[in-house]
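Report on the following structure.
Laboratory data are not the source of any read-out in this text; all were calculated from the coordinates shown. Computed from a prediction, not measured in an experiment: that's the story for all the values here. With ideal geometry, Cβ positions are generated from the backbone for all residues, glycine too; neighbour counts draw on all protein chains shown.
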DNA sequence: TGATTGCAGATTGTCTACAATAAAAGCGTG
DNA sequence: CACGCTTTTATTGTAGACAATCTGCAATCA
């Protein structure tokens, strides 16, 4: 019944999706100020719904705002990366613990399917899609245990992660996930040893952390050289 | 409560606090519909800021909304309780792992201070304050590790927990935490064995889960008898 | 009798205009 | 040239009116 719904969604909800993808696609860079009027103009709506969508992303942590002063895209910081990745380890291990006994054929099929989509995006050299596919792949465990609270926490982490990876991609070009980087992950996630899977999560995250951290540090270095003040427009 | 003493904060931000405490104090019961106009009138503001505050609580999960139809306070459900408590175990153990080596004299002092406030509220038979104090006590570990992501996840859990406990309190009168219920928790949290603390968290949560679950089940029973129509979705 | 359709009320969604606030720019003065 | 004050401007905050949509009920018709 919902197949051919034309305007089933409210405007604000659509704006959230559009604005998020605009940020993650790099149209608005991390740290860059965004104003309600400008965005409203950009998306062809009034300030009301636009503001509402922005508040939603503020709640999610993708935007930060100072009352009566301004709003800007979340800036990249080395400190936050440790938080993000340690949180990932905690949540993903928990997700697998909860989902472990619920895994069935459908789970393994879905896992394979998402892996296929990831490989497809990598082969197509489509990094934006590859990033999304990798996060979808990791998201399966969270979805499978059916804990809404856990899922919303993962969403918060995912948003930030995507922001960092997208920035990384734009700075260094092709830097998406390697083709074989998830082979072990998939194998163990569908295997019989929860302990082995936990270890894989740890080492998987460790690799991701090192990579992401190195990038942001190089960015900090670069920024320090060009303008000691901060951002230039 | 002091309506508008100082206006350092923006109106919407104050409304969030007021509305939340109104919900948690039971002025608006779980499952009860709330309308923007009624609330705006109640707090003496326009629909704009009121709506904004409501959207914030919607993002936090304390309110649920259906487009063009209505908004209501989150309803109590037995299924969610398992999610909440398993999430609590996961997050709180992680918080102590992260904070463990950072604990110092200030940490132990603050822990003692919050425990003191909890006992004070219990002795004063002030259950609402006791609930808040207990959550503050548990919150210390989260605050201490300085992970913003973790803290926001804890906030989400805390809000729901508070909703359940407050409902419990209103239904059964004095049901707040017992005076000695946190002695072990405090002792081990300031002690030398992380493993012992993890065990304590597990058993502490187990007790809380059983108690809360029994309450909601009794509530479901009661609701099933009085009104068969039941507005469950 | 049963289903369908039209109507009324309520509620949220959106728009426009105006006020409050904070940061930046201008400017005179020592 | 630096300093402090005033003015300006950009931005968000708030208000009220209007439009779109949903729900329930009653009138209508086979």
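Key figures for this structure:
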| item | result |
| --- | --- |
| Label-point separation in nm, residue B:29 to residue B:194, each point 7 Å along Cα→Cβ | 4.6 nm |
| Cα gyration tensor category, rounded, prolate or oblate, for the range A:123-201 with a/c compared to 1.5 | oblate |
| Inter-centroid distance (Cα atoms) of the range B:100-143 relative to the range A:74-121, Å | 34 Å |
| Residues in the range A:34-65 reached by a label modelled at residue B:68 [backbone nitrogen below 14 Å; 7 Å Cα→Cβ] | none |
| Radius, Kirkwood style, for the range A:19-117 when every pair of distinct Cα atoms is counted (Å) | 16.5 Å |
| Other protein chain Cβ atoms within 10 Å, averaged over every residue that makes up B:82-93 | 4 |
| Debye log10 I(q)/I(0) for the range B:62-130, one point scatterer per Cα, at q = 0.21, 0.24 Å⁻¹ | -1.01, -1.02 |
| At 7 Å out from Cα toward Cβ: residue A:148 inter-copy label distances (nm, ascending) | 2.7 |
| Shielding score for A:43-53, defined as the mean number of other chain Cβ atoms within 10 Å | 1 |
| Taking the range B:78-224 and dividing mean pair separation by its residue count, relative contact order in percent (alpha carbons under 8 Å, at least six apart) | 34 percent |
| Kirkwood-based Rg to Rh ratio, the range B:11-73, C-alpha trace | 0.91 |
| Calculated P(r) of chain B - Cα pairs past 27 Å, % | 40 percent |
| Pseudo-label separations to other copies for residue B:129 - Cα-to-Cβ vector, 7 Å, nm | 6.1 |
| Paramagnetic reach from residue A:125 in the range A:154-197 [backbone N under 14 Å; point 7 Å along Cα→Cβ] | A:173-176 |
| Over 37 Å [Cα-Cα, the protein assembly as shown], rounded percent | 32 percent |
| Teacher prompt: residue B:206 distances to equivalent labels in other copies, 7 Å Cα→Cβ, nm | 3.2 |
| Within the protein assembly as shown, helix-based [θ] at 222 nm, where runs of 4 or more DSSP H residues each add -39,500 (n - 2.57), nearest 500 | -23000 deg cm²/dmol |
